[in-house]
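Colleague: Pasting a structure below so you can have a look.
The values are calculated or read from the model by the stated rules, or taken from the named source; none is laboratory data. Just so we're clear, the structure is a prediction, and the values are computed from it rather than from any experiment. Note: ideal-geometry Cβ built from the backbone for every residue, glycine included; neighbour counts use all protein chains shown.
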Amino acid sequence: MPNLLQFLTICGVAWDIKASRGRIHISHLKAYQAKLVSPAEAVKVVKSGDWVDYGFGHSKPIALDRALSLRKEELQDIKIRQVLSLSPHACIEADPKGEVFVLNSWFFSGYDRKLHDRGLAYHQPMVFSNQNLYYQKSITDLVDVAMFRVTKMNQEGFFNLHCACTCCYSIMKAAKTVLVEVNDQLPWAMGGADEVIHISEVDYIVEAQSKVEEIPALTPTEMDRRIANHIVPLIRDGACIQLGIGGLPNIVGTMLAESDIKDLGCHSEMLADAYYHLHEAGKLTNRKKVVDKGKSTFTFVAGSKFLYDWLDHNPSCITYPSSYTNNSRVIAQNPNTVSINACLEVDLFGQVSSESTGPRQISGTGGQLDFAAGAYLSEGGMSFICCNSAYQDKDGNLKSRIVPTFTPGSIVTVPRSLTHCVVTEYGIADLAGLSTWQRAEALINIAHPELRDELVAEAEKMNIWRRSHK
């Protein structure tokens, strides 16, 4: 009869044996070994017509996806569902005509967008705060197999959802079969709720090493800097910050790290590099937060390796499902919440389009609507939605991002009734509580100077602005 150390070695368990000796319950080890199979064996559970969920971003399995792609000739009509692909899907790449596999994405990455343009991906609209509810009450019968990449198992028999808490636990609970792909390179995220999966909740385990995808912050442009210069002076000591994706949030974080401001907090859907820099500068203390005081709160992580290293087993960083982080009533409990996000266009009514150009899907609603509402409800809170005033089209013509009306098919991400502050390099338009003519005037005042007369003329045609109102 082998001793515990020998048993662990025989099992090939991917954790440090010396650190774990005498602390792992033998029943967890037996369950682990009983469920441990090869990727090819695990994906045999997938049958034609199935919905297969990969979860969010970093939870996408690499070895299982590759193994499933090798079953292309024996399967039909496999619907893969995920949020924000961070690497190519082996299944989709193996089926360039989309005859077997098709991706359904809750939020497009650049890769997803290219698949959509080729007819290999479709968008599933969502409000991020509601995504767990979709799996709990609306598509409960449409989750046949869930397969996630997870951390190694701990002594109590739990796997961690690391950078991708979001809605993975709700997906797992809805799924008929659950597969996990263990990767010991993933960081362990300390959690407030639903951040772990127990061995008893898993049907099959595979072990596979794959690189943790890094998403370095985009380099901010000069326009980003000019926009940030309007926002940063308005942020108070003790503010709770939510930063979206892109160069603009990154430069805001950098400027705050270099400023005299103190005691900032983090309650965000995404934990990004900027928060690490704020921490290193001594600015991120979370002392003034009411909810999760002393903790940086998030639901997913996307950034550089130093961010993942900082996150790993860090009790000052705490992850929750998006139903918590993106709940506007939770967001609002922290005073002086500041939400900073980007958009594609704003019309003269104050509607914000952040996810499509006409019918072409670019990204998704994500959490922008959640934080626009929650930040405004916060005592002293502000919601900033930012864009360059103009851009050049392929023919070199100057086009305004503040438009009379959207191109047909463009999706409204934030309705005019919830839009607070719109920011361009020319200033801030605070739209809350304003009439249609006041909104139009405020937005025209931050549009590109060369395009303002044209916007005035269009506003007059639509009967939402008259010169006599000035």
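Colleague: Of all residues in region 408-426, how many are surrounded by 15 or more Cβ atoms within 10 Å (Cβ to Cβ), outside any loop (DSSP other than H, G, I, E, B) and not basic (Lys, Arg)?
Modeller: Selection size over region 408-426: 6.
Colleague: Additional query: Taking the residues in region 323-366 that are hydroxyl-bearing (Ser, Thr, Tyr) and surrounded by 24 or more Cβ atoms within 10 Å (Cβ to Cβ) as candidates, determine which candidate is farthest from residue 82 (Cα to Cα).
Modeller: Among them, the one singled out is 337.
Colleague: Here's something else I'd like to know. Counting only residues that are hydroxyl-bearing (Ser, Thr, Tyr), give me the helices (runs of 4 or more DSSP H) lying completely in region 306-407 with at least 3 of them.
Modeller: Helices (runs of 4 or more DSSP H) meeting the threshold: 322-325.
Colleague: Which of (1) touching a Leu at 6+ places or on another chain (Cβ under 8 Å); (2) under 21 Å from residue 363 (Cα atoms); (3) surrounded by 24 or more Cβ atoms within 10 Å (Cβ to Cβ) does residue 162 not meet, given it meets every other one?
Modeller: Just one mismatch for residue 162, condition (2).
Colleague: Please identify the pairs in which a residue from region 238-252 that is assigned to a helix (DSSP H, G or I) has its Cβ atom under 9 Å from the Cβ atom of a residue that is surrounded by 23 or more Cβ atoms within 10 Å (Cβ to Cβ) and among the polar types (S, T, N, Q), counting only partners at least 6 apart or on another chain.
Modeller: Going by the 9 Å Cβ cut-off, the qualifying pairs are 248/341; 249/242; 249/341.
Colleague: Could you tell me whether any residue of region 116-133 is over 24 Å from the mean Cα position of the chain (by Cα) and either crowded, with 16+ Cβ neighbours inside 10 Å or within 22 Å of residue 302 (Cβ to Cβ) (or both)?
Modeller: No; the residues of region 116-133 include none that is over 24 Å from the mean Cα position of the chain (by Cα) and either crowded, with 16+ Cβ neighbours inside 10 Å or within 22 Å of residue 302 (Cβ to Cβ) (or both).
Colleague: For region 269-277, check the following and say yes or no: at least one residue is in a loop (DSSP other than H, G, I, E, B), crowded, with 20+ Cβ neighbours inside 10 Å and within 16 Å of the chain's Cα centre (by Cα).
Modeller: yes
Colleague: Identify, from the list 218, 234, the residue that is of a type in the set (A, V, I, L, M, F, W, C), surrounded by fewer than 16 Cβ atoms within 10 Å (Cβ to Cβ), over 30 Å from residue 46 (Cα atoms) and out of contact with any Gly (no Cβ under 7 Å at 6 or more places or on another chain).
Modeller: 234
Colleague: I need the full set of residues from region 278-305 which are small (Gly, Ala, Ser) and crowded, with 18+ Cβ neighbours inside 10 Å, in order please.
Modeller: Across region 278-305, the qualifying residues are 296, 302, 303.
Colleague: Of all residues in region 254-271, which are modelled with pLDDT under 95 and either acidic (Asp, Glu) or in contact with a strand residue (DSSP E or B) (Cβ under 6 Å, 6 or more places away or on another chain) (or both)?
Modeller: 258, 260
Colleague: Tell me, which residue of region 435-454 that is in contact (Cβ under 8 Å) with a residue 12 or more places away in the chain and not in a helix (DSSP H, G or I) is farthest from residue 348 (Cα to Cα)?
Modeller: 448
Colleague: Report every pair of residues separated by at least 6 positions or lying on different chains whose Cβ atoms are under 8 Å apart, first residue within region 386-410 and under 14 Å from residue 221 (Cβ atoms), second assigned to a loop (DSSP other than H, G, I, E, B) and acidic (Asp, Glu).
Modeller: That search, which allows pairs on different chains as well, returns 388/425; 389/425.
Colleague: Tell me, which residue of region 439-458 that is in contact with a helix residue (DSSP H, G or I) (Cβ under 8 Å, 6 or more places away or on another chain) and among the β-branched types (Val, Ile, Thr) is farthest from residue 424 (Cα to Cα)?
Modeller: The selected residue is 456.
Colleague: A further question follows. Looking only at strands (runs of 3 or more DSSP E) that lie completely in region 39-108, which have at least 3 residues being among the hydrophobic types (A, V, I, L, M, F, W, C) and touching a residue at least 40 places away in the same chain (Cβ under 8 Å)?
Modeller: Of the strands (runs of 3 or more DSSP E) lying wholly inside region 39-108, those with at least 3 residues that are among the hydrophobic types (A, V, I, L, M, F, W, C) and touching a residue at least 40 places away in the same chain (Cβ under 8 Å) span 51-56.
Colleague: Can you report the number of residues in region 214-250 which are modelled with pLDDT of 90 or more and either touching a strand residue (DSSP E or B) at 6+ places or on another chain (Cβ under 8 Å) or closer than 15 Å to residue 281 by Cβ (or both)?
Modeller: Number of matching residues: 13.
Colleague: Right, here's the next one. Just to check your reading of the model, which residue among 308, 320 is of a type in the set (Phe, Trp, Tyr), in contact with a Leu (Cβ under 9 Å, 6 or more places away or on another chain), buried (at least 21 other Cβ atoms within 10 Å of the Cβ) and in the same structural domain as residue 232 (by TED's automatic domain parsing)?
Modeller: From the options 308, 320, the qualifying one is 308.
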